[in-house]
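The values are calculated or read from the model by the stated rules, or taken from the named source; none is laboratory data. The shown structure was predicted, so the numbers you read here are calculated from the model rather than taken from an experiment. Ideal geometry is used to build each Cβ from the backbone, glycine not excepted, and the neighbour counts take in all protein chains shown. Remember, those area values only see protein heavy atoms, side chains included, never the ligands or the DNA or RNA. Shrake-Rupley method; radii C 1.70, N 1.55, O 1.52, S 1.80 Å.
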Amino acid sequence: MDRHLARAALVAIPVLAVLFHRLALSGLRPLTACMIGLAVYWSCLMIALLWRRAWSLRPRWPGYWIGLPLMALVLFAAIASAGDLARLSSHVLAAVLICAAINGTLEEAFWRGALVPHIRSGEEAEALKAVGLFTLWHVAPAATLVALDAPGGIAGMLVGALVLGGLGMAARISSTTAGFGAICHVVLNICTFGVLAATNRTAPFP
């Protein structure tokens, strides 16, 4: 695991948590506040990815033992969120698709790419540390739940991150790239962001 990026993440997580919390209490629409926080987070990820270029998003099948569970998770999320996605207006759905594509791609490139550039099978301890950091990061957006209604609440967000992080890391080790995980991550984000937009009944932008 890249120690410099890991230390930077540990410093950034509480700072971003404070930012998300204050944005949520700022009087902005809840999803608008969340979007501003995510934009800051995405900027940090892009800076880190430009600094550390040892990552790949080339799609590569990770094998049935991990590919099928990931696809099952995506299918379950798609079925569960279909009703909420169908209720969204066209411009909100477009915003959900764009944000999901950005978030899923950047997160896989960083958390399963640049952070673990040379991870191999047998390095479970390093993999678990990276998954733990990814899960811990979700404390930051969870700070918006003081104003945002999210199914499952904080516990659901953290458990979801742990499951996705674990499966995504297994796919990364098996396939040697974060590409397959990124595809699944984007689709899962479409489902998650769509449910948030529908549940809170407000567009993500003012």
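One line per residue, one yes/no per condition, for (1) at pLDDT below 95; (2) more than 19 Å from the chain's Cα centre (by Cα); (3) surrounded by 15 or more Cβ atoms within 10 Å (Cβ to Cβ); (4) outside any helix (DSSP H, G or I):
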| site | (1), (2), (3), (4) |
| --- | --- |
| A33 | yes, no, yes, no |
| W42 | no, no, yes, no |
| M46 | no, no, no, no |
| A54 | yes, yes, no, yes |
| R58 | yes, no, no, yes |
| L70 | no, no, yes, no |
| V74 | no, no, yes, no |
| A77 | no, no, yes, no |
**Q.** Tally of residues being over 17 Å from the mean Cα position of the chain (by Cα) and buried (at least 17 other Cβ atoms within 10 Å of the Cβ) across the range 9-28
**A.** 4
Q: Of the conditions (1) in contact with a Gly (Cβ under 7 Å, 6 or more places away or on another chain); (2) farther than 24 Å from S26 by Cα, L145 clears all except one; give me its number.
A: (2)
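Residue by residue, here is whether (1) under 25 Å from L93 (Cα atoms); (2) out of contact with any helix residue (DSSP H, G or I) (no Cβ under 9 Å at 6 or more places or on another chain) holds:
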| residue | (1), (2) |
| --- | --- |
| L148 | yes, no |
| G152 | yes, no |
| L162 | no, no |
| T176 | no, yes |
| H185 | yes, no |
| L188 | yes, no |
Q: Go through (1) more than 16 Å from V116 (Cβ to Cβ); (2) of a type outside the set (S, T, N, Q); (3) at pLDDT below 95 one by one and return the number of the condition D2 breaks.
A: (1)
Q. Of A125, A109, A140, which residue is without any contact (Cβ under 8 Å) to a residue 12 or more places away in the chain and either within 12 Å of the chain's Cα centre (by Cα) or open to solvent by 30 Å² or more (accessible area, probe 1.4 Å) (or both)?
A. A125
Q: Restricting attention to helices (runs of 4 or more DSSP H) lying wholly within the range 81-149, give those where 1 or more residues are among the hydroxyl-bearing types (S, T, Y).
A: 90-109, 124-137
Q. Of all residues in the range 156-206 being among the small types (G, A, S) and not in a helix (DSSP H, G or I), which is least open to solvent (accessible area, probe 1.4 Å)?
A. A178
